[in-house]
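Read through the structure below, which is laid out as structure tokens, and then see the notes.
Nothing in this text is a laboratory measurement; each read-out follows from the coordinates by a stated rule. Only a predicted model underlies this, so the values are computations on that prediction, with no experimental measurement involved. Positions of Cβ are generated from backbone atoms using ideal geometry, with glycine treated the same way; all protein chains shown enter the neighbour counts.
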Amino acid sequence: MKAPFWRRRLLPVVLALLGLNLAVLAAWTAPRTWRQRNAAAREASAREDVERQRATATALRARADAIRSNVKDLDRFYGSLAGTERADLLPTLEAIEDLARSPGLKPGARSFKREEVTDARVDRVAVTLPLEGSYGQLVGFLREIERSPRLLTVDRVSMRGDKGGSAILEVELSTYLRQTGGARKEARRGR
């Protein structure tokens with residue numbers, strides 16, 4: 001039995017055309033699919049890059065805010081907290097002794113040294129003051145130092161007691177004084 005004409009002749013042609021059609025379809029859609037996949041990968045990469053850039057921008061904004069805040073604090077420090085030698089050194093030393101006497105302490109001979117603070121327009125004046133009194137008086141003195149409107153820092157405290165119930169306290173305090181333009185130049189020349 002012989003196969004009908006359409007099976008003998010047309011079926012191979014139809015199958016060849018179908019195969020050719022599938023090959024053309026694959027040739028047409030495969031590059032587009034790859035381009036779409038590549039575009040999706042580039043998009044994901046670009047989104048990650050945008051997020052990194054946003055995080056960097058946020059960090060830079062935070063750093064800029066911190067710098068602005070530091071500049072304000074520095075201006076306030078130089079403008080109101082750090083005094084000048086002429087106007088503030090002697091009154092600060094007298095205020096320290098008054099603060100020591102107010103709770104009933106007996107201040108000894110004070111000594112002080114002045115040193116330039118590196119990379120700042122201030123000098124540190126370290127005041128060493130021996131004090132004698134009770135523990136409560138010593139605590140009262142330190143409390144008054146904390147409350148003082150002057151910029152005073154307690155750098156070092158050493159205490160020793162005696163048999164009579166009183167204590168001898170040696171306190172090293174610091175205050176900071178603005179340098180004038182001439183004082184800074186003379187200090188550099190003197191090195």
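Just a few scattered comments:
- Sequence-distant residues sharing a close amide H with PHE112 (under 5 Å, placed H): THR128
- Since only LEU151, THR118, GLY136 are under comparison, the one whose Cα sits farthest along the positive direction of the charge dipole of region 99-166, derived from C-beta charges on Lys, Arg, Asp and Glu, is GLY136.
- Segments 149-159, 44-54 sorted - mean Cβ within 10 Å per residue, highest first: 149-159, 44-54
- Förster-model FRET efficiency, 22 Å R0, LEU25 and ALA3, C-beta, rounded to 0.05: 0.15
- Applied to region 140-151, the Karplus parametrisation 6.51 cos²θ - 1.76 cosθ + 1.60 on θ = phi - 60° returns per-residue 3J(HN,Hα) values of x, 4, 5, 5, 5, 4, 4, 7, 4, x, 7, 7 Hz, with x for Gly and Pro.
- Our estimate of slack between VAL50 and GLU85, defined as 0.36 nm per intervening residue step minus the Cα-Cα distance, is 7.2 nm.
- With the helix formula -39500 (n - 2.57) applied to DSSP H stretches of n ≥ 4, the chain reaches a computed 222 nm mean residue ellipticity of -18500 deg cm²/dmol.
- Most mobile listed residue (ARG114, ARG76, ARG32) in the chain, GNM with C-alpha springs under 10 Å: ARG32
- Extreme residue, positive dipole direction of region 1-146, given options LEU99, ALA40, SER69 (C-beta unit charges): ALA40
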